[in-house]
Structures are given as C-alpha cells and as structure tokens.
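Shown next, in structure tokens, is the structure this report addresses.
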C-alpha cells in the first residue's frame, strides 16, 4: 500500500511560500516509519534552484518541471503535469497549501485522478495505516475528521498549523525532470489583466505580528490607526470579512475561512467579534489579544489578553507605551 | 443562452454555533426544530451573478436553479425563483443524498447534461456548511468544461465570458470560451432581495424533480454509496485559552498595562 507523500510547491517571488515548508514537515512525520518517501513537485520557470532548498527541507525526491509555459499558474498545464507526476510517484497523499492557488488546483487534481479532496485541513494523522484529515466546517464552528476510500488522497492544508521542516543542507535527495509531453494541453482561459494590491512590503502570512480590524472599527479610518500600531510592532494589518465586503479595506487583507490563514506570534484583534469563520484564519496564532467594546464577545474565549474598551481611546496610548518600551530597551543595550 | 445556478440549502449562517448539537453517532449536526434554513450565501451570490448577466443581456437569458438535498430544499428553489430564476430542478431522490463532493458533483453534472444546451454553470465558491469548495470545480471536470474560480464579476459577450477573480494578492481578469463553470466569491456583492412581483410569479414557475434513474446514475455511484470521503468524526474544537482581562481606570492605564504584559511575555 502506498505510503509516500507528495507536496505541491507554490512559488512566490522566486522561492517556495512558507506553508510549503510546513507541508514538508508534516509529510516527513506522516511518512516516518513507513516505506513511503517525502517527495515534492516543483513547477514554474527559473525555479530549478529551489530544488536544493526543498531537499534541505526533507524532500527525498523533487519532480522538476522548469519551463516558460509553466511560469504562471495555469490550471490545464499544471494539472496535466501534476497528474503525470502523481502517476509516477504513486503517493498515499498529495498535499497543497490552502491558498487561492491550492484551493483552485486541488479539486481539479483530485477529480482528474478520479479520487477525492479534503480542503483546508488543520491536521492530518496516520491511524493504523490509513490517513485521517481534520478540517473546520460549518463556518469554522465545528471540525470534521475524514477518511478517504480512494487514493491518492488530495488535501489542502491551512498555514500555521504545522511546524516547518528544519533546513538541513546535508540532506540528500534526487531531482527528477518531468519534461513536457508531445500532447501538452492548451490553456483554456486567457489572463487579460492582473491588478496586484500593493501592501507595505510585508506578506500578511509571514508577519510575526498581525493587527486585524473588524466591524467594530465602524469605518475605513480605523485602519489608519491599526496601521500605525502595526508599524510600531513591526507587523502587518489584516481584517475580518465585514470591513472587506464594506470596502473599508482591500480583500487581500481578509483573514478567515474565505481569506488568508495566518499564525503570527501576536494577533491583535480589534473590533472583531470572533465568529468561527474568522477564527478559522487566525486560531493558531501564538497569542491573541482582543480589543472590543463588548465584554461578551466570543473573541475573548480564545484570547490570552482581553481589553474591554474603545479602540480609538486605547490604541494611541498603546502605541506610545510600546514605543517607550522599545526606546528603553534600546538605551539599555 | 441558458445559465444553470447550483444552490444548496444550509442552516442559516447567522445561527449561533451554540444552538447546534453534534450527534456523535450519526456524525451529523442537529438543528433544533424551528431553526431557519437558508440558501448558502455564496450560492445566493452565484444566482445574483446570473441575474446581473440577464439584466445586461436581456430576455434571451434563461436561468435554471438546481439543488440537491432533501424535500425541504424545495424552499431554496422557491427563493431562487422569487429572486428571478426561471425554473427549478430538485434532486431529492434519497439515492442521491448524503454523498460527498464527488457524488454531488456527479449528480449535478448529470442534471446539467439533462437540461441540455447549458452555456454557463454558476455555483458558490464553497457551501456555507461543508466549506469544501469542490463541487463546482468537480462539475467542470466531469463535464469536460473549464472552471474559473473565485469570481468577483462575471460578464458574457457572445461565446466568451470575462471573469474577474479574487487572488491572494489582488485581482485577475480572465477570458474563457463557453461552456464554462464559474465559482462565485463573496466579493461579488450583496444579492438582490426577492421583489413582490417576482415572488407572485414564482408560484407559477416550473419545478422539475429528477431521481437517480432519470439522471442515468447507477445506484452504486450515487449519494452515500458513491461517496469517496467518509466522515469519521464531527466535533466542537477545544478552546484552551483562558483570557486575562486587562484592568485600568482609564484607557491610558489599560494601554500601559497591556504593553507591560506584552513586554513581560517577551513579545515586544
């Protein structure tokens, strides 16, 4: 019975996105003690250099397809190539990060391989030979554990739920090139425009501190104050769904079930009630700090510290206090 | 042109989670009697996308609403007809129920084939209960069509659709030839409310009910028998946190106390 795990690599700015390292860590734990290998599929253009990085993170074999036609994610070409890789690798599971790319690609791949998909998993475990996939459902309020009757199981995994594989340059692995076939499928859709939301440089998913605002901000202006707090902490700004839908901030800032998943060391939730669909995107943060006028808000149930008050009155002195602590620390160095 | 919109009946997403009970043996959520059911919000937005296309292109656009679920799902079709869909299709055959994304996509794809001459299938990006997001894409795979996901806007000109997609870091506009499946995201905007006129008309609109036999699906491929995913467990996630409330007579005092807590925990 197949026991290997194949990780599909998503690339941004020329290197694997952080969740890929978490998937390699998870794959290593799932394959440990079995005959299965940890393998990675690496598709793109000018990404050959990433293969050694994936090996250093635990991939024993990297299937590499490095060519112009794969430069940007395009489902037809990517799925066709991944189907060939999956047939050659024959894994028990194929793991993808639960990003827009992963959520688009995983169901296509699963149906093309005539198998099934578990989306947005927070945990995958091996239980007497079979794999169990745990994922939030019902808007994040409940969790279900799934098993699969067909193989390979395809799963997308939320970021911040698993420890990343440590980098060890002494690790050895092989690189297998998967060249284009003679019957390469043609793209069925054509990208005519792309509009990137320019953030202040820091990727929300990789920030150590995230300051997020919700409906309780009562308007777009609140995000100016949140940005100032984030800057004082060296962090990034996010939001729950309501402010995005109301146009107070761009959708690229949305954290939650239908937005991004973050797991920073510190998550400051301002004016956020703590509904399940939001917590599905930040529940794995190291320390949640909640600032809300409603003492009964559900967010306090998941917070380490709670501050009941009006953010407009609390955040300016908080910024001042943080700056003062930073200044004192610098003086004593 | 004909648009098929897939809609699912779910517990009203505004219902607080505490109202539900988990039946550990049946591995199902139990909704107390009297709690409202609703159309999954993403599906409502998919229907809104279809209605906007009809608003733009005029009377030549026909909209069919499809649902797979128990008999009670008839009420989401009624809602779809009241919003402006022209006809409903109910897949309530017990043989089709309790499946997974695969079995559901299989039945809905068969229904689209049976409808015939469908140019565009619209579905929510995910259902508000299972949150899986696989049925729409799966239908495209089974029909051999293209799927375009996470749409914020869908427009049709001639035999081509132009779709603006929501990405992790911005937006992307793609063009794809019909027939096509598009999954719609919440960024599309608020769906319209049923008007009195449409609600009155809705009662006279046709609703077909098809079973596995009419869809040409063998029993072992449909519903629970055809499912590839098995729910082993359903549970409420444990909360480990114990919240310490920050004291202080003024916002300044609270802010200073919070900053000290963060400093002492070496988080600054």
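FYI, it's all coordinate maths here, none of it is from the lab. Please read these numbers as outputs of a predicted model, since none were measured by experiment. Note that we place each Cβ from the backbone using ideal geometry, even for glycine, and neighbour counts take in every protein chain shown.
Annotations
- Rg ratio for the stretch A:52-93: its Cα radius of gyration over 2.2 N^0.38 Å, N being its residue count, equals 1.28.
- Square roots of five times the Cα gyration tensor eigenvalues for the stretch A:223-296, Å: 16, 15, 14
- Compactness relative to 2.2 N^0.38 Å, alpha carbon Rg of chain B: 1.20
- For the stretch A:1-61, diffusion coefficient by Stokes-Einstein and Kirkwood Rh (Cα), 10 °C, 1.306 mPa s, µm²/s: 137 µm²/s
- Spatial separation of Cα centroids for the stretch A:91-114 and the stretch A:21-56, in angstrom: 16 Å
- Residues within the reach of a label modelled at residue B:31 (point 7 angstrom out along Cα to beta-carbon, backbone nitrogen below 15 Å), restricted to the stretch B:118-159, are B:127-131.
- Counts of other chain beta carbons within 10 angstrom of each beta carbon in peptide A:273-279 average 2.
- Dividing the summed -39500 (n - 2.57) terms of all DSSP H runs of n ≥ 4 by the residue count of chain B sets its mean residue ellipticity at 222 nm at -9000 deg cm²/dmol.
- Rounded to 5, the percent of DSSP beta bridges in the stretch B:87-206 classed as antiparallel: 60 percent
- The distance from the alpha carbon centre of the stretch B:1-69 to that of the stretch A:158-198 is 34 Å, rounded to a whole number.
- Using only the C-alpha atoms, the convex hull of the stretch B:60-206 corresponds to 124 Å³ per residue.
- Note that chain A shows a convex hull volume over its alpha carbon atoms of 159 Å³ per residue.
- Computed across the stretch A:1-157, the Kirkwood radius stands at 15.4 Å (inverse of mean 1/r, all Cα pairs).
- The C-alpha atoms of the protein assembly as shown occupy a region whose extents along the principal axes are 78, 63, 50 Å, arranged from largest to smallest.
- Separation of the stretch B:165-179 from the stretch B:125-159 is 12 Å, based on Cα centroids.
- Between 0 and 90 degrees, the angle of helix A:311-332 with respect to the longest Cα principal axis of chain A falls at about 80 degrees.
- The label-point distance for residue B:56 and residue A:220, in a model that sets each label 7 Å from Cα toward Cβ, rounds to 2.4 nm.
- Radius of gyration (Cα atoms) of the stretch A:202-333, expressed as a multiple of 2.2 N^0.38 Å: 0.99.
- Debye intensity ratio I(q)/I(0), log10, the stretch A:259-311, q values 0.14, 0.20, 0.24, 0.25 Å⁻¹ (C-alpha model): -0.29, -0.59, -0.84, -0.91
- Dimensionless Rg over Rh [the stretch B:166-232; C-alpha; Kirkwood]: 1.10
- Cα long-axis angle, helix B:41-57 against chain B (0 to 90 degrees, to the nearest 10): 50 degrees
- Against chain A, whose longest principal axis comes from its Cα atoms, helix A:222-233 is set at around 80 degrees.
- Average other protein chain Cβ within 10 Å of Cβ, residues A:235-246: 1
- Residue among A:71, A:18, A:193 with the largest mean-square fluctuation in a Gaussian network model of chain A, springs linking Cα atoms under 10 Å: A:193
- When A:162, A:278, A:326 are sorted by how many other C-beta atoms sit within 10 angstrom of their C-beta, beginning with the fewest, the order is A:326, A:162, A:278.
- The DSSP beta bridges internal to the protein assembly as shown are antiparallel in roughly 40% of cases.
- For the stretch A:102-144, the convex hull drawn through the C-alpha positions has a volume of 84 cubic angstrom per residue.
- Longest to shortest principal axis, alpha-carbon extents of the stretch B:116-166, angstrom: 35, 26, 14
- For the stretch B:2-226, the relative contact order is 26 percent, taking Cα pairs closer than 8 Å that sit 6 or more residues apart in sequence and dividing their mean separation by the residue count.
- With 10 Å bins from 0: P(r) over the stretch A:114-190, alpha-carbon pairs, percent: 14, 28, 30, 24, 4
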